[in-house]
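A.B. asks: Mind having a look at this structure? Questions to follow.
None of the figures in this text is laboratory data; all of them are computed from the coordinates on show. On a predicted model such as this, the values are computed, not experimentally measured, just so you know. Using ideal geometry, Cβ is built from the backbone for each residue, glycine included, and neighbour counts are taken over all protein chains shown.
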Amino acid sequence: MSEKYTKVFVTVGTTRFDLLCEYVMKPPVLSALKKIGCKEVMLQIGNSDLEPGSYEKEGISISLYRYKDNIQEDIKNSDLVISHAGAGSCLETLEWKKPLLVVVNEDLMDNHQLELAERLQVDGHLYYCTCDTLESTLNDVDFSLLNPFPEADPALFIKYLDIGTTRFDLLCEYVMKPPVLSALKKIGCKEVMLQIGNSDLEPGSYEKEGISISLYRYKDNIQEDIKNSDLVISHAGAGSCLETLEWKKPLLVVVNEDLMDNHQLELAERLQVDGHLYYCTCDTLESTLNDVDFSLLNPFPEADPALFIKYLDSVFKIKDIEK
């Protein structure tokens, strides 16, 4: 490996990730860093039990600090970034086209970070590991083989978060139920366009409960359907939420309770608290449609994809800070 990764920046964001901080300071990991040319480590420790300061260990100059308003300078000045798996930190590193090693926090209760890291590694944009495999990963991988993320486009990055071809049969079924269609009719609905994905329902067009209904599986781009709608009822994927917020459409998010993780619920709760959407489950879809006032929703600020990424990152850090 000819590249020299002289300056290494390690970040835990605002999460508490003591294990990553501890492992980076271990002699075997520092030795692995030294083998790839590291002379300096800048370690952003968040609210770790470690104390900020500067010293030398294993022949490497190490500086520790808790927080800065903006870590982009540290990313920009580094030759390699080792980061927690938060979406915001990943995007900032990819924007600067820096080699990135993501360390997944196995203590988190959900697995959205692992899913994101796996997908980005499969596509060759980063490597990922756990704390236990940090040393071996540093010894084994070749960072020069990584592919830059296309233009580091935040909107494209949102698509990675969404991976939005989910199977959500229950939502498709509930939307078609007479009580839900009746609730839609009460708020003026005359047409329903239903994107069913790989549901067992069949595509087609017909009328039910006095409403014209069209079902289709997929389109390359659903933005036209969002643009032409007066209300969007969506699964809770980040990409679908952002696309709807970009068009400033009233949004009702239906959380899939069958998912093994709860990051979609956390995102929907936060966006509802901030007044940008309403959320419900399939069981409460009818009552929610009857009870809420969509005119009271607040537009998401500029629907900026980069801002939305930071919003996502902050949502998924909340419970970690409290640990």
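A.B. asks: Kindly provide the Kirkwood hydrodynamic radius of the range 1-68 in Å, to one decimal, from all pairs of distinct alpha carbon atoms.
C.D. replies: With all distinct Cα pairs of the range 1-68 included, I get 12.1 Å.
A.B. asks: Further question on the same structure: Taking H placed 1.01 Å from N in the peptide plane, check which residues at least 5 places from VAL102 or on another chain put their amide H under 5 Å from its amide H.
C.D. replies: SER83, TYR127, TYR128, CYS129
A.B. asks: So for each of 27-34, 139-146, 172-179 I average, over its residues, the number of other beta carbons within 10 Å; can you give me the resulting order with the highest mean first?
C.D. replies: 27-34, 172-179, 139-146
A.B. asks: Over what distance in Å are the Cα centres of the range 25-50 and the range 176-193 separated?
C.D. replies: 58
A.B. asks: In nm, give the distance between the simple-model label positions of GLN223 and SER61, each being 7 Å from the Cα along the Cα-to-Cβ direction.
C.D. replies: Distance between the two pseudo-spin positions: 4.7 nm.
A.B. asks: Let me ask you something else. What's the ranking of 278-285, 39-46 by average number of surrounding C-beta atoms within 10 Å, highest first? Could the numbers behind the result be given before it?
C.D. replies: Details: 278-285: 18.5, 39-46: 20.9.
Ranking, from highest mean packing down: 39-46, 278-285.
A.B. asks: Please compute the alpha carbon radius of gyration of the range 185-304, then divide it by the globular-protein estimate 2.2 N^0.38 Å. Two decimals is fine.
C.D. replies: 1.05
A.B. asks: Continuing with the same structure: At 1.567 mPa s and 4 °C, plugging the Kirkwood radius over alpha-carbon pairs of the range 46-87 into Stokes-Einstein gives what diffusion coefficient in µm²/s?
C.D. replies: Approximately 106 µm²/s, per Stokes-Einstein.
A.B. asks: Near LYS26, within a Cβ-to-Cβ distance under 14 Å, what is the net charge of the other residues, with Lys and Arg +1 and Asp and Glu -1?
C.D. replies: -3
A.B. asks: Another question, then. How large is log10 I(q)/I(0) at q = 0.18 Å⁻¹ when the Debye formula is applied to the Cα atoms of the range 161-237, each weighted equally and without solvent?
C.D. replies: The Cα Debye sum returns log10 ratios of -0.76.
A.B. asks: Relative contact order (percent) for the range 7-150, with alpha-carbon contacts under 8 angstrom and 6 or more residues of separation?
C.D. replies: Value for the range 7-150: 23 percent.
A.B. asks: Using a 7 Å offset from the Cα along the Cα-to-Cβ direction at both ASP283 and LYS35, what is the distance between the two label points in nm, to one decimal?
C.D. replies: 5.3
A.B. asks: Sticking with this one: Of all the C-alpha pairs in the range 1-116, what % are more than 26 Å from each other?
C.D. replies: 13
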